[in-house]
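The values are calculated or read from the model by the stated rules, or taken from the named source; none is laboratory data. This structure is a prediction, so every number in the text was calculated from the model and none was measured. Virtual Cβ from ideal backbone geometry, glycine too; neighbours counted across all protein chains shown. Each accessible area value is taken on the protein alone, full model and side chains, heavy atoms only, with ligands, DNA and RNA left out. Shrake-Rupley method; radii C 1.70, N 1.55, O 1.52, S 1.80 Å.
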Amino acid sequence: MMDHRDVMLPLSLRTLATRTLLLLVIASAVSCSSLPPEDGIRVVSAEKRIDLTGPIVKVFLTLKVENAPTASEASRVLLAFTPTEVQHLSIVKATRAEGKRKKKAFVPLSIEPSELATTAPDAPRLYSVLLSTPLKPGDATTLEVLYMLTHSLEPFPAEISQSESQLVYYRDSAVLLSPYHVLEQVTYIKMPSNRIESFTRVDPTTRAGSEVKYGTYNNQMPNSYLPILVHYENNRPFAVVEELVRKVEISHWGNIQITEQYKLKRHVLNHKGVFSRLEYQSRPSVSGASSFKNLLVRLPPRVHSVYYRDEIGNISSSHLRTNSHKSELEIEPRYPLFGGWHCTFTIGYGLPLQDFVFESVDGRRYINLTFGCPLLDTVVDDLTVKVVLPEGSKNPQPVVPFVTEKHLETSYSYLDVVGRTTVVLKKKNVVGEHNVPFQVYYEFNPIFMLAEPLMLISAVLLFFVAFIAYLHMDLSIRKSS
């Protein structure tokens, strides 16, 4: 007998599903002529795996695409996203399988927004996967695509008490949204636990534990969309850094000082009722199951002078583990974070200069650091990275493997005369996949290292000269003879 939870949705969820259906019907109603022609490309098989086990939605696509024998060479393959997905899209990556069996390798491919995107407000948005070598007529290839969506899990109910579990819902399509004809496809949705309140059925649909399978579906026309809604339990901590400012100060006297200022929020739902510390400590596994009280920070190896503090002062509830390969800092806020609660804090540490600043073949210096947020399993809404170069540096050039906002400003510190050139990098919607190396190249004349010592020596000499002059001066008042 079929479980009624698999077919019946609460009234509010049915309303949301209806609105979603109407929106997507409008989007799918856009004529195929508004999208670019297929150009001979078709998807032979598509497998879509949606990972909902964490706060970030991860979608893995395996696409086997084929070029028609009568078509011309294809240099790109198009991916389609709904306007809502584009708003929450954090990163999208693609690789192409080359070789066979043991010699098989996956070659990274470039992805860019397509110029063929439609102008209709509800139409799918297109991205082009640029193939490393064109796909010849009659040939087929396999693409592996990963994209991540942030702030795509919505709470239902919107408020819970301290002892309740967190329930969220996720909306997507049972079939792959694509501008191409899809011959065969299947979709898997993985949840963190077996507690699935309800899910939309689009036959054939099967459930096995914490996983729901949609398909196999055959011969889907271009721009097909079958809206689905999944309502399930997810007690993972939804830690969102609303604003993170990372300041990197380079000193050629042997040290790099990094200061990170966090504005953290427990996202998704709001806390209802009064917080009971007694209940929280007596039943930690039940009371506050959806809250979090500690965070793990992944730092570079060989860090030193690490501190963790907030507006009140130093916070002693932290543990640092370091070795020659990595450093991990486990921190605890002053109070557990429930839905809608905020906290702000600062983490600072030093790094040895020789491990991160190098000289290039053309004589320029460059610093090599990791972009992104050191906090694991978090989303950063607004990230700012400031690289403060030594005074006297010229012609800075940042090299980041993705699109960021860039500009220059001038910073002042102790004993600075003309100020320090500062490279400012900004990016929104940052996830763990953005934690990749980046470089900032700059020109630096070592003679500028003597500026501050000479200034100090000059100041000391001037003080002694003024003191000696004062001792030899006679400022007493005498009667005239």
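Some points to look at:
- Residues considered: LEU408, LEU425, LEU415. Of these, the only one that is within 29 Å of GLU112 (Cβ to Cβ) and either open to solvent by 40 Å² or more (accessible area, probe 1.4 Å) or of a type outside the set (A, V, I, L, M) (or both) is LEU408.
- Residue in region 266-288 that is modelled with pLDDT under 80, surrounded by fewer than 18 Cβ atoms within 10 Å (Cβ to Cβ) and touching a Gly at 6+ places or on another chain (Cβ under 8 Å) present: yes
- Within region 181-204, being open to solvent by 10 Å² or more (accessible area, probe 1.4 Å) and either closer than 28 Å to GLY40 by Cβ or more than 25 Å from the chain's Cα centre (by Cα) (or both) holds for HIS181, LEU183, GLU184, VAL186, ASN194, ARG195, GLU197, THR200, ARG201, VAL202, ASP203, PRO204.
- Taken together, the residues in region 394-432 that are hydrophobic (A, V, I, L, M, F, W, C) and on the phi > 0 side of the Ramachandran plot amount to 1.
- Looking only at residues in region 54-88 that are touching a Gly at 6+ places or on another chain (Cβ under 9 Å) and either of a type in the set (A, V, I, L, M, F, W, C) or not in a loop (DSSP other than H, G, I, E, B) (or both), the one that is surrounded by the fewest Cβ atoms within 10 Å (Cβ to Cβ) is ALA68.
- Test: residue in region 466-480 that is closer than 30 Å to ASP382 by Cβ and aromatic (Phe, Trp, Tyr): no
- Residues in region 213-242 that are open to solvent by 20 Å² or more (accessible area, probe 1.4 Å) and among the polar types (S, T, N, Q) were compared, and the one that is nearest to HIS267 (Cα to Cα) is ASN235.
- Each residue in region 359-369 was checked for being surrounded by fewer than 17 Cβ atoms within 10 Å (Cβ to Cβ) and modelled with pLDDT of 95 or more, and 1 of them qualify.
- Any hit, region 229-236, residues being in a loop (DSSP other than H, G, I, E, B), on the phi > 0 side of the Ramachandran plot and touching a residue at least 60 places away in the same chain (Cβ under 8 Å): no
- Unique match (being modelled with pLDDT under 95, part of a strand (DSSP E or B), open to solvent by 50 Å² or more (accessible area, probe 1.4 Å) and not hydrophobic (A, V, I, L, M, F, W, C)) among HIS319, HIS325: HIS319
- Hits in region 89-131 - residues which are acidic (Asp, Glu) and either closer than 14 Å to LEU143 by Cα or in a loop (DSSP other than H, G, I, E, B) (or both): GLU98, GLU115, ASP122
- Of everything listed in (1) open to solvent by 90 Å² or more (accessible area, probe 1.4 Å); (2) under 23 Å from VAL297 (Cβ atoms); (3) not small (Gly, Ala, Ser), the single unmet condition for VAL430 is (1).
- Number of positions in region 453-480 that are of a type outside the set (D, E, K, R) and part of a loop (DSSP other than H, G, I, E, B): 6
- Per-region count, region 427-452, residues over 26 Å from HIS252 (Cβ atoms) and assigned to a strand (DSSP E or B): 4
- If the condition is being part of a loop (DSSP other than H, G, I, E, B) and among the hydrophobic types (A, V, I, L, M, F, W, C), then region 332-379 contributes PHE338, TRP341, PHE356, VAL361, PHE371, CYS373, LEU376.
- Residue match in region 159-177 (condition: assigned to a strand (DSSP E or B), assigned by the TED database to the domain that holds LEU79, surrounded by 18 or more Cβ atoms within 10 Å (Cβ to Cβ) and acidic (Asp, Glu)): yes
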